[in-house]
Amino acid sequence: MPIQGFIFDLDGVITDTAEYHYRAWKRLADELGIPFTREENEALRGIPRRESLLLMLKGRSYPEDVLTELMERKNGYYLEFIREISPCDLLPGARELLHEIRAAGLKIALGSASKNAREVLERLGITDLFDAIADGYSVTRQKPAPDLFLHAARLLDLPPTACVVVEDATAGVEAALAGGFYVVGIGPQERVGRAHLVIPSLSGIRLQDICRRLEQ
Ligand code: BG6
Ligand code: MG
């Protein structure tokens, strides 16, 4: 089936909020006296807030109300960081590709696990480029379950086999494969190597190249 739509992950694909998520978790980890490195943060890409907290805590257990407070504290730090975001923070090639897809008459959805996705899109000034938004509030089962991308495809009124998912996280690539989508992985082979097409970034990437390489 020809490609008729794109579903973009947000953090690490359209903008480098992955760095802000890291800094917010790192600040919380420092306060709790838990060692937490940039390498460890890689495992949190695409992982929802609660699971990310549990991974950062590395088996330490806290009562439920403390877990909630810790998630809120982390999100407070994250919100402080993203207050600085502006249209300059679009990753290279993202704006050009989004415009090219729209100009070609294809549809675009967001498929992000983040509950802050709408705010980030607003700050980047690109909300109006999206026909539909699936975010951290949209489904119960998160990536690597395919639910979020299936929900996005439904909002676009397209079957998964006509949609390309663009992802930077292992969990996101697995979610898209499980849903029957074409998958473009952004980043190193060891992270997104299972995608149908792997590229280092969106810089210089043309719509035609993606379609040709996926549809062949
Ligand atoms: C994903 C990020 O997009 O959203 C994860 O890759 C993050 O790092 C997840 O944990 C949930 O985000 P938020 O903004 O709802 O805490
Ligand atoms: Mg991501």
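A compact globular protein would have a Cα radius of gyration near 2.2 N^0.38 Å; the ratio found for the range 1-116 is 1.25.
Springs between Cα atoms under 10 Å define the GNM used for the chain, and in it the highest mean-square fluctuation of 48, 63, 144 occurs at 63. The residues of the range 18-82 have, on average, 52 Å² of accessible surface per residue, using a 1.4 Å probe with all protein chains present.
Note on the chain: semi-axes of the ellipsoid equivalent to its C-alpha gyration tensor, largest first and rounded to whole Å, are 30, 17, 16. For the range 172-211, the calculated P(r), taken from all Cα-Cα distances in 5 Å bins from zero up to the bin holding the longest distance, is 6, 25, 32, 22, 14, 1 percent. Relative intensity of the range 18-82 on a log10 scale, I(q)/I(0) at q = 0.29 Å⁻¹, equals -1.61, per a Debye sum over C-alpha point scatterers of equal strength in the absence of solvent. Distance between the modelled labels on residue 32 and residue 88, one decimal in nanometres: 3.4 nm (7 Å Cα→Cβ projection).
Here the 3J(HN,Hα) profile of the range 101-109, calculated from phi with Karplus coefficients 6.51, -1.76 and 1.60 at θ = phi - 60°, is 5, 5, 4, 7, x, 8, 9, 9, 10 Hz, Gly and Pro shown as x. Taking all Cα pairs closer than 8 Å and separated by 6 or more residues, the relative contact order of the chain comes to 26 percent. Using the Cβ-Cβ distance between residue 122 and residue 61 with R0 set to 45 Å, the FRET efficiency works out to roughly 0.75.
With the simple model of a label 7 Å out from the Cα in the direction of the Cβ, residue 145 to residue 206 spans 4.1 nm. Rounded to the nearest 20 debye, the dipole magnitude of the range 111-216 is 180 debye, with +1 charges on Lys and Arg beta carbons, -1 on Asp and Glu beta carbons, and the Cα centre as origin.
In a fully extended conformation the segment linking residue 19 and residue 43 would gain 7.3 nm over its present Cα-Cα distance, using 0.36 nm per residue.
Note on the range 138-194: Kirkwood hydrodynamic radius from all Cα pairs is 11.1 Å, rounded to one decimal. For the chain, a crude dipole built from +1 on the beta carbon of Lys and Arg and -1 on the beta carbon of Asp and Glu, taken about the Cα centre, is about 240 debye to the nearest 20.
The values are calculated or read from the model by the stated rules, or taken from the named source; none is laboratory data. Bear in mind the structure is a predicted one, so any value in this text is a computation, not a measurement. All Cβ positions, glycine included, derive from the backbone under ideal geometry; neighbour counts span all protein chains shown. Note: accessible area is taken over every heavy atom of the protein model, side chains too, but ligands, DNA and RNA are not part of it. Shrake-Rupley method; radii C 1.70, N 1.55, O 1.52, S 1.80 Å.
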